[in-house]
Amino acid sequence: MKQSNPAAALSAWEGARRLQDAVKALFAVCGAVLFQPVFFFQSVLRSQTDTRRRIVRACAFALALGYLKLLCDGLNILGLKQVASSGIMMDGLSSQIAALESAFFSSPVILARPVVTLAATLALVAAGVKLILGVDRILVPAVLVVCYKSAADLFNVIPFLGGVLASAWSLALLVMGIREMYGVGVGRSVLAGVMTPLLVLLFFALSLGPSLNRAIVTFFPETQAQMMKFNDVTAYGYTSAVARAAKDYKDDLGFYPANLDVLKKYLAAPVVDNLGSSENASGYRFSYSKSDEEHFVVKAAPLSPGVTGSLVFYADDSGKVRLGGKDGRVLVDLQSLEEVVAQPARPAEGKT
């Protein structure tokens with residue numbers, strides 16, 4: 001891409017009134033951001049354009065690149081489908097790609113993804129700036145940085161591998177932009193733009209539990225396979241937690257509980273919330289039965305095998321968690337489960 005004067009490119013973009021001028025200026029800004037990021041963000045800092053117009057044009061830039069990325073994502077899925085149809089891939093992987101294609105192109109909210117992504121990124125970076133750089137810092141520079149770093153999405157035109165390059169360069173642009181716009185060092189820029197937003201996101205993930213995963217899959221269907229494996233790990237943890245809680249209950253009272261409701265004080269809040277929720281946010285349905293004062297059974301099965309989860313878990317008064325049923329493989333720890341989860345997804349084992 002031909003390099004352009006960053007200040008001139010920015011001025012042309014912020015002042016463009018005709019569509020053809022805006023398109024030409026957009027690509028000029030992309031070139032300036034990608035190849036002269038320091039000079040570009042310095043130009044943004046010195047811009048004399050009205051603040052409202054600056055923000056509107058920056059958001060328009062981010063959304064234009066966001067929809068370009070969305071188009072590239074769709075084309076990549078179609079490309080994967082073409083490869084799968086050639087018979088190169090395993091049947092299990094081919095079925096996953098078919099499911100991904102269906103979820104992506106049939107999702108009623110997929111067109112809102114660039115807007116949601118931009119809004120979420122702005123919120124997380126704003127939190128990082130306020131927490132690290134000071135609550136008195138204005139957020140306009142952060143908004144401009146987040147929007148113009150979207151120029152890295154142009155790398156998504158490279159099939160399959162472009163997304164990795166785009167993500168890496170996007171983070172670099174974010175750090176450089178915060179450094180130039182706020183006049184801080186690289187360390188504080190990394191903390192404000194990358195580390196703190198990630199910690200805030202982790203906090204919300206822990207607070208909202210698996211329901212956040214469901215929201216992510218709604219807007220990012222291609223993450224479904226990863227989320228399904230996350231649900232598998234979560235279900236294993238919940239099954240193990242219920243089995244331990246039942247044994248603790250017996251240690252205290254001399255007999256096993258009659259149902260899951262009486263175990264609330266023995267379980268962590270996220271487990272209680274999920275087990276008692278009709279929405280089954282973790283993607284699994286849990287059941288508990290007590291045959292007599294000395295024996296119980298806990299089962300966890302995916303609501304939609306191959307979609308919300310791929311495994312079935314079984315635990316009893318032995319305290320062991322098994323895969324599939326009472327005669328299934330014993331899962332001694334997360335490592336043994338990860339060996340199973342790392343394998344290509346397959347229909348849930350066993351019956352419930």
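Could you grab me the full set of residues in the stretch 60-97 that are at pLDDT 80 or above and more than 18 Å from Lys149 (Cα to Cα)? Show your work before the answer.
As a first pass, look at the stretch 60-97 and keep what is at pLDDT 80 or above: 60-79.
Leu71, Asp73, Gly74, Leu75, Asn76, Ile77, Leu78, Gly79, listed by residue number.
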Self-check item: Residues that are free of Cβ contacts under 8 Å to residues at least 60 places away in the same chain, surrounded by 17 or more Cβ atoms within 10 Å (Cβ to Cβ) and farther than 17 Å from Trp169 by Cβ, drawn from the stretch 17-46
Solution: Ala22, Ala25, Leu26, Ala28, Ser43
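Restricting the stretch 262-282 to residues that are assigned to a loop (DSSP other than H, G, I, E, B) and surrounded by 14 or more Cβ atoms within 10 Å (Cβ to Cβ), which is modelled with the highest pLDDT?
Filtering the stretch 262-282 for residues assigned to a loop (DSSP other than H, G, I, E, B) gives 267-268, 276-282.
The next check asks that each one be surrounded by 14 or more Cβ atoms within 10 Å (Cβ to Cβ); those that pass are 267, 280-282.
Details: Leu267: 83, Asn280: 57, Ala281: 58, Ser282: 71.
Looking at the filtered set, the residue picked out is Leu267.
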Practice problem: Name, by its number, the condition in (1) under 30 Å from Thr218 (Cβ atoms); (2) modelled with pLDDT of 85 or more that does not hold for Glu339. | Solution: (2)
Quiz item: Name the pairs whose Cβ atoms lie under 9 Å apart, with the first residue in the stretch 95-108 and β-branched (Val, Ile, Thr), the second modelled with pLDDT of 70 or more, and 6 or more positions between them or separate chains?
Solution: Ile97/Ile77; Ile97/Leu80; Ile97/Lys81; Ile97/Val83
Exercise. For the stretch 313-343, enumerate the residues that are buried (at least 17 other Cβ atoms within 10 Å of the Cβ), under 22 Å from Tyr256 (Cβ atoms) and in contact with a helix residue (DSSP H, G or I) (Cβ under 9 Å, 6 or more places away or on another chain).
Key: Phe313, Tyr314, Ala315, Asp316, Asp317, Val321, Leu331
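Arg57 - would you say it is exposed (fewer than 15 other Cβ atoms within 10 Å of the Cβ) and touching a residue at least 24 places away in the same chain (Cβ under 8 Å)? If you could, list the steps in order and put the result at the bottom.
Working: exposed (fewer than 15 other Cβ atoms within 10 Å of the Cβ): no; touching a residue at least 24 places away in the same chain (Cβ under 8 Å): yes.
Here the answer is no, as Arg57 does not meet what is asked.
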Quiz prompt | When residues of the stretch 283-306 are limited to those that are hydroxyl-bearing (Ser, Thr, Tyr) and touching a helix residue (DSSP H, G or I) at 6+ places or on another chain (Cβ under 7 Å), the one modelled with the lowest pLDDT | solution = Tyr284
Exercise. Could you check how many residues of the stretch 244-261 are surrounded by fewer than 18 Cβ atoms within 10 Å (Cβ to Cβ) and in contact (Cβ under 8 Å) with a residue 40 or more places away in the chain?
Key: 2
Quiz item: Considering the stretch 173-187 alone, what residues qualify as being of a type outside the set (Asp, Glu), surrounded by 15 or more Cβ atoms within 10 Å (Cβ to Cβ) and part of a helix (DSSP H, G or I)?
Solution: Leu173, Leu174, Val175, Met176, Gly177, Ile178, Arg179, Met181, Tyr182
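The values are calculated or read from the model by the stated rules, or taken from the named source; none is laboratory data. Values in this document were obtained by computation on a predicted structure and should not be read as measured data. Note that each Cβ is placed from the backbone with ideal geometry, even for glycine, and that neighbours are counted across all protein chains shown.
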